[in-house]
Amino acid sequence: MVTRKPLVALLSGAGVSTDSGIPDYRGPQGLWRRDPEAEKLVTYDVYMSDPEIRRRSWRMRRDSPTWQARPNAAHEAIVGLERAGVPVRVITQNVDGLHQRAGLTPRKVLELHGSARSVVCTGCGERGPMDEALERVASGEEDPDCRGCGGILKSATVMFGERLDPAVLGEAVAVAKGCDVFIAVGTSLQVQPAASLVGLAAEHGARLLIVNAEPTPYDGLAERVIREPIGTALPALLSTFTP
Ligand code: ZN
């Protein structure tokens, strides 16, 4: 008889990166909710139609705490799980790329909201590194355009008014349906369709574990809800899955 190792899926939200110094912009108390002017910077139609908003967006990207941020104990614990031979997939609402920076195999990370480390052209779809675009900003281009087609460049993150990449979402749905354990960590589970992955995993028989400071709408479905700080709670929880 062949026994399959249980697949552990994690859905990670902003709470996983706050220990790395990246604030939760989207959360209930986040910048995007409190400040309508700030929300314009990440709203697709406004970004496309207003050059001043784009200039402000590039300054905000330039000054983002993401570039100084280092992976923390939570990111490292997930890498430890992979290195121990446990099949693991991470579905993340974060755009900071810190799971990969920590050393997790990139194809095992599904970035539902895209990546702040890349830019994409809204005209031709060409992608490139954010680093290069920010170098152009530093050398005086206030709104760098696509070098290929002259189109408007943006961060390769999902803005308000944009839909999620259907291929990434499709993979995330398959992971939620196929995993044995589903751990939602650092996410208030308020943003759809990310949150609905939790319900899907539970429906398909996964053990559901939630690590989050605040209550979530899915707590009632969970086998265990942990309210301790993520930096200590997640390593402790994941150590129970290593052989
Ligand atoms: Zn282009």
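The values are calculated or read from the model by the stated rules, or taken from the named source; none is laboratory data. The structure presented is a predicted model; accordingly, all values stated were derived computationally and were not measured. Virtual Cβ from ideal backbone geometry, glycine too; neighbours counted across all protein chains shown.
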Qualifying residue in the stretch 179-197 (condition: part of a loop (DSSP other than H, G, I, E, B), assigned by TED's automatic domain parsing to the domain that holds Thr43 and either within 16 Å of the ligand (Cβ to nearest atom) or more than 21 Å from the chain's Cα centre (by Cα) (or both)) | no
Out of Ala69, Ala38, sole residue that is under 25 Å from Phe160 (Cβ atoms) and at pLDDT below 95 = Ala38
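For every residue, the table says whether it meets (1) in contact with a Leu (Cβ under 6 Å, 6 or more places away or on another chain); (2) not hydrophobic (A, V, I, L, M, F, W, C).
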position: Met159; (1), (2): no, no
position: Leu169; (1), (2): no, no
position: Ala176; (1), (2): yes, no
position: Val181; (1), (2): no, no
position: Gln192; (1), (2): no, yes
position: Glu203; (1), (2): no, yes
Ile91, sole failed condition from (1) out of contact with any Gly (no Cβ under 9 Å at 6 or more places or on another chain); (2) surrounded by fewer than 21 Cβ atoms within 10 Å (Cβ to Cβ) | (2)
Somewhere in the stretch 117-132, is a residue among the basic types (Lys, Arg) and over 21 Å from the mean Cα position of the chain (by Cα)?
-> no
Somewhere in the stretch 142-157, is a residue of a type outside the set (A, V, I, L, M) and closer than 30 Å to His204 by Cβ?
-> yes
Of all residues in the stretch 76-94, which are part of a loop (DSSP other than H, G, I, E, B) and either within 18 Å of Gly170 (Cα to Cα) or not assigned by TED's automatic domain parsing to the domain that holds Leu200 (or both)?
-> Gln93, Asn94
Any chance the stretch 206-216 includes a residue that's touching a residue at least 24 places away in the same chain (Cβ under 8 Å), more than 22 Å from Gly80 (Cα to Cα) and not small (Gly, Ala, Ser)?
-> yes
Might you let me know whether the stretch 203-216 holds any residue that is in a helix (DSSP H, G or I), in the same structural domain as Gly13 (by TED's automatic domain parsing) and at pLDDT below 95?
-> no
